[in-house]
1. For a quick check of your reading of the model, give me the residue pairs whose first member lies in segment 23-39 and is more than 23 Å from Ile109 (Cβ to Cβ) and hydroxyl-bearing (Ser, Thr, Tyr), whose second is modelled with pLDDT of 95 or more and surrounded by 10 or more Cβ atoms within 10 Å (Cβ to Cβ), with beta-carbon atoms closer than 7 Å and at least 6 apart or on different chains.
2. Among the residues of segment 102-124, write down those that are assigned to a loop (DSSP other than H, G, I, E, B) and at pLDDT below 95.
3. When you scan segment 225-252, how many residues do you find that are in a strand (DSSP E or B) and either in contact (Cβ under 8 Å) with a residue 60 or more places away in the chain or over 13 Å from Gly212 (Cβ atoms) (or both)?
4. Please verify whether segment 200-219 includes one or more residues that are of a type in the set (Val, Ile, Thr) and in a loop (DSSP other than H, G, I, E, B).
5. Looking at segment 101-126, which of its residues are farther than 17 Å from Lys81 by Cα and free of Cβ contacts under 8 Å to residues at least 40 places away in the same chain?
6. Out of all the residues in segment 124-139, which are touching a strand residue (DSSP E or B) at 6+ places or on another chain (Cβ under 6 Å), surrounded by 20 or more Cβ atoms within 10 Å (Cβ to Cβ) and under 30 Å from Asn76 (Cα atoms)?
7. Within segment 182-226, can you find the residues that are surrounded by fewer than 16 Cβ atoms within 10 Å (Cβ to Cβ), in contact with a strand residue (DSSP E or B) (Cβ under 7 Å, 6 or more places away or on another chain) and among the hydrophobic types (A, V, I, L, M, F, W, C)?
8. Can you tell me which of (1) under 30 Å from Val216 (Cβ atoms); (2) among the polar types (S, T, N, Q); (3) outside the structural domain of Thr244 (by TED's automatic domain parsing); (4) surrounded by 15 or more Cβ atoms within 10 Å (Cβ to Cβ) is the one Asn150 doesn't meet?
Amino acid sequence: MKKELLLTFTAFFCMSLTALTGVYAGESHDKTVTVSEKKVDVTGDKIFDTIYVKGVPFEEGAQFLKRVYLKIKASNGKTYKIELEGGYDPSTTYRDLNHDGVKDIFVSIPTGGSGGLSNFFLYTLKDFKVTDITVPEPLTINSQFVDGYNASITIEETGQSYNFDLSDRKEEYERLGLYQDGKLNEPTELMVLPYGLLKTVKVKENLYGLAGSQRVNGAYNADGVAEVESTWFYEKGKWNLVNTRVKSLKTP
């Protein structure tokens, strides 16, 4: 009887192990695609390293990558891996953004949302050490609708304020209940988005920084009010704001 129980238990254990092995095998066989492959010296030893951008599609044939990562085969023979966030069509730019004489890895990954947003990452591998420099935080923008179909925004970092005449949208705002006869029904803020665009730009002489663009919308995503641009320069271990520019967006 004991021998039969032992045989039954052994068979059950083997079946369970096979099932578990199958689960993990399935997880490890997610199809990985190589988005790009570039040879750049990102360690500072004047020898090219190979940087791969890789991703795992949400499902076979899907454009959305549920997982994105960098795989770097460095000149010292070691391989480094940097996990990023999922998204669509990741792209890389190689610039010395922290001004230490070595090119950094700047990655942009569109999220695919209706706001046209992306996630941005910045890493250095100088001296074969992975360091997350991070990108500058978006501007802090305070906003509100104002009586008379107007709106105002204030950039906290600079203290500058801007006013916008939105009277060409009064019929839509009245229909939505935002205004009644030109008077705001209740205090309402505008929709201030994070960076929709962040790119490398030459800031001074041959030194590069980052330029970002944030959209300010009114009552809904398609109701564009302003585009707020900012330029940043990395110095003394932090991002410093160089300048800002605000562009009014007219209704299509």
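The values are calculated or read from the model by the stated rules, or taken from the named source; none is laboratory data. The structure presented is a predicted model; accordingly, all values stated were derived computationally and were not measured. Every residue, glycine as well, gets a Cβ built from its backbone with ideal geometry; the counts of neighbours run over all protein chains shown.
1. Here the result reads none, with nothing in segment 23-39 linked to a residue that is modelled with pLDDT of 95 or more and surrounded by 10 or more Cβ atoms within 10 Å (Cβ to Cβ).
2. Thr111, Gly112, Gly113, Ser114, Gly115, Gly116, Leu117
3. Residues that pass the stated criteria total 15.
4. No, segment 200-219 contains no residue that is of a type in the set (Val, Ile, Thr) and in a loop (DSSP other than H, G, I, E, B).
5. Within segment 101-126, Pro110, Thr111, Gly113, Asn119 qualify.
6. Within segment 124-139, Thr124, Val135 meet the criteria.
7. Val201
8. Condition not satisfied by Asn150: (3).
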